[in-house]
1. For A:104, B:516, what ranking results if the residue with the fewest other Cβ atoms within 10 Å of its Cβ goes first?
2. Taking a virtual spin label 7 Å from the Cα of residue A:464 along the C-beta vector, which residues in region A:216-232 bring their backbone nitrogen under 14 Å of it?
3. For peptide B:159-169, compute the average count of partner chain beta-carbon atoms within 10 Å of each residue's beta-carbon.
4. Please sort B:275-282, B:115-122 by packing, taking for each peptide the average over its residues of neighbouring beta carbons within 10 angstrom, highest first.
5. Could you estimate the translational diffusion coefficient of region B:581-692 from the Stokes-Einstein equation, with Rh from the Kirkwood formula over C-alpha pairs, at 37 °C and 0.692 mPa s, in whole µm²/s?
6. Given chain A reduced to its alpha-carbon atoms as identical point scatterers, what log10 I(q)/I(0) does the Debye formula return at q = 0.07, 0.10, 0.11 Å⁻¹?
7. Starting from the exponent 0.38 and prefactor 2.2 Å, build the expected Rg for region B:294-455 from its residue count and divide its actual Cα Rg by it.
8. Given R₀ = 22 Å, what would the calculated FRET efficiency be for residue B:416 paired with residue A:416, taking r from the Cβ atoms and rounding to 0.05?
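Derivation of every value follows stated rules applied to the coordinates shown; laboratory data play no part. Just so it is clear, the structure is predicted and the values come from calculations on it, not from any experiment. Cβ atoms come from the backbone with ideal geometry, glycine included; neighbour counts cover every protein chain shown.
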């Protein structure tokens, strides 16, 4: 039996018409009871076969003493037996002909039993049975009313598919969605991912017609490039919102101890999300809000927001947040305001944006939103209720069906009217948020996603580096190249470097300097000196032969004093570059995403403010352009307040060249061009540092990391 | 009758034993009905006298045809009649002997009837009757079960007093508090504040024993210094959390058009909050969360957080947020971990911080928290529930009473168990948050407040500038001083400036330069040249007499070319300062808070990154020290990565001097020392710009601004 394509097998697992539950129990404190109970309470309409060695009856169903006894080939087997029995049960399931199994049991890698995991992995490969889990809370797929999850039982169907590495996150997101009337299409825990993994689920839900948005909570990523490729492909079809924990150092420490998967820095992660159209969030509530907005709002044509409120205060809070998130809050054109004046609104209404009706009337909201839409005032209209608004659900439903703008609702301070109304509105398909600011955060996600889709018209990218060896580099394998070796790399990629020559004696140095023209710079070249400035191995601004000779001598002496055993290959003599703006361009082999390009302003901007950005290589041109524009210090590049601007076009080219270099030269572990000096026209790398390293085949890194249920 | 002290009269208003409701109505759609109904439903136990010209019976109570008919002197009169009748009713109330009136009616300044407002203000002054409102949703004071507010009726008593400029904010905050079991002590709308204003309410609730925290939502501030003085005084007693709308430009526009009160910049506002111990927030949900934490948590002794969770994922989210907000997340000492190992926890428990029990057991939480407290691991323990935790309320109550650390709870993913449990826990006095991140934001506010109280041991400050004229400056009144005049100010405050002389001829310039020593700088001095560099009126790095003479001539020519009519007083010749780090120190007359000191790093840091900070003058030494430390670029001042540090002590002195200057010299509207050059030891202002202006008496600005109900 061959290993089937993940999407197809997931389709059969989720839509199984018969399930066996191995480990079903009649003890209500056991997961085996809770899970069977969930399946029943979830309203599953297929055939259910509890399996328990004791037989008898469980929860009103006949229990079978073994899988063999089950009277048909179950399409899915749910396994909730102690870990040591899981391999046998998995084999039995495969032999019975099941195509998939969901293993809820814990006690594998996370408990020091990687061997058991390897065993079921090998069974999966041998028999072709595909596995979800182990060590998970379960799966819930509402189109098939299949809730094989010990907690919680969610039956409110809606647009959101939830994929998480935490049972609590699954429970929280799906409960919130159920309570609010949003609902979910599915919920799944990742667990230890011995077989099917995050990318497979993304692929499945990307194709699933019942799912309109994918909400992800991750602690680590099993295969960064596979993940991005799946996510980027999915983002063509439908939005993905993500929360990845481990933002801070301690957070990362916690993640490492939990999942064993090595997390790269959060900055690289969030840059990768921007690059591939994934909406990245920083807390679980915002993840939920963004997913809700993305799953329900019509894609807006632009970023112009109009807030219409019954309360001036709530309108102001909405535009405060909107402007801080980069939405446009247009002023109202005079003709529109004139028309509004004929609309019999309250004389106290404030006819600006935010527009305050100063009246609690659903009809006023309706009139004004319709008129605004006719005037094409905004791409998104926020109906901003700060009071009990009678008739709100019907009005919102009408507007959603009759205006071009995308609609969202914020509702607070509305007492009982609100409690009932907000669920009705949400069930009608328009997202309701509990505060204006949370509504705006959701809207901003929708705008960001729409913008991404608009700008990404080329084919989906394939970024998995097949046959690429990487990872697992030990400190002793690293070797930094000498500057002249680094310069060779630059030359191959047409990256400008100052004119130079390598001198082995004072006379030769003076000679070279004379040929290059003054001023010149001297730099020691030694395999024993990783940081030239640490040993005073550099001299700048040298104006004549005497200075060159003196500093040549000084550098040799200082290096010898600092490192008595150091061998010195020579001294590089470079023509000194003209003044300009210094930036840093670099590349690294990220442990999660592989070759990654970095860019930032030089000196204090990087050191003090951490104002850097990343993109996963290979870059497309718009990636490089975005990098240049998105650092906070961009105004310095572009020229501000009469300051000179610099050659951002050549800078973009340089980023593309570095991207090509790290993709084509897998031996590069780290590259630092620091600084790159920008001029009004052109640029030059003034220093190059390359770290090479041995590579290991990706397969050698070991199988799936253990992702504890958490 | 004299105008009574606000706190005393508010005490009598809120604790009134009898109230007359003028405008009471039997029509359920009228505010006059809703308000009377609220008073009854709120459980008011005093005597209620509805007043309506038609008499009869309203809501089961005898209605009187006029205030005069009411059979006793009502301690409070609630007024809900059309605006034009309010002055008469107010006078009648005063004549009847009422000491206070709450005017809910709208239709005053916000509707173009400032005259009506002036009238009731004058009645208040004549008769001594104190007024709340007009144009408000009402007041709710729960210790007296007095809910004279047309919406909502909140009867869940708790620690939070709510003061807002928005009915929606009042409703939302009090409904949230009621739903969650937190409760409120009081809620009040500010409205147009014709008499009693935000500072009076702060003073009252600061003394009110039923209130443990004050939550404020403001759109503008009537009197910035009075507000700060009250708030800072209150902050000695109890915490104040605030949300001020108008963070962004459009937000401010909305506020201006709504309230007519001129808002200063948000940066000045939030700096002022930091200075005076007010917890400033950026959205209404965070305002609520912070107020909840501040009103219920025990003041922690430090900022060390321990997260104990049933879910690894939720623990990680907590520490992510904690670290990004500057809380400490200590590692666990080995002895503690050893003890934990004897506690019969799950073998899957993760014994680090965050501590994941990997088990859903209230008893495990109890054991571990007790042990951690014994080991003094943390100042705050977050009980981080990600599952249904049976017995949680009893366990939390036990811990809160038996450990030294401050306790907070995050609870999600807990289904029905959670719904019931979270209200019980909250009613037991421990704050419950719906996500780990929101819990951490609340905790961070509590830590910030505790730190403020610890650092502020001196007497509360009086910062109202009595007899100070200010404000209302028109453009044509402004006058910038010539640099030599500015230098005089510097001299009076012992602020160093380079040696210099004013030259009126080339010869004189060369002479002065010779005396000072080279290199020198030339600067044009002209009342017609507000920006010297705009007309090339500066020359730097001049190394000899020839250069000085040539540039003296050039400057004259260039200025004449740019501004043919310009009169040139002369050219300032200054000794050029040595290299150093340039910062900006300034002062401005903020429209809300008056004299304010500004500090930031020079050049791109200020221009591109807006990395500046403010303090309201007069500064105390710790204010100046905080300013220096709190800019993002502080590492540059302190010295990073082997870079040199600068004289932050002299910089602190300079900020104190500037503070003294702007307090003692009220004619200064703006002061710019840009740059101030810092050295390893010492500093120098290299340029001084003073703008003076006419002043108007504060009283001339007009009375209270209209703050619309919103």
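1. In increasing order of surrounding Cβ atoms, one gets B:516, A:104.
2. Within reach of a label on residue A:464: A:222-232.
3. So the per-residue partner count for this stretch is 4.
4. Listed from highest to lowest mean packing, they are B:275-282, B:115-122.
5. 236
6. Once normalised to I(0) and log-transformed, intensities are -0.62, -1.02, -1.12.
7. So the Cα radius of gyration is 0.93 times the expected 2.2 N^0.38 Å.
8. Between residue B:416 and residue A:416 the formula returns 0.55.
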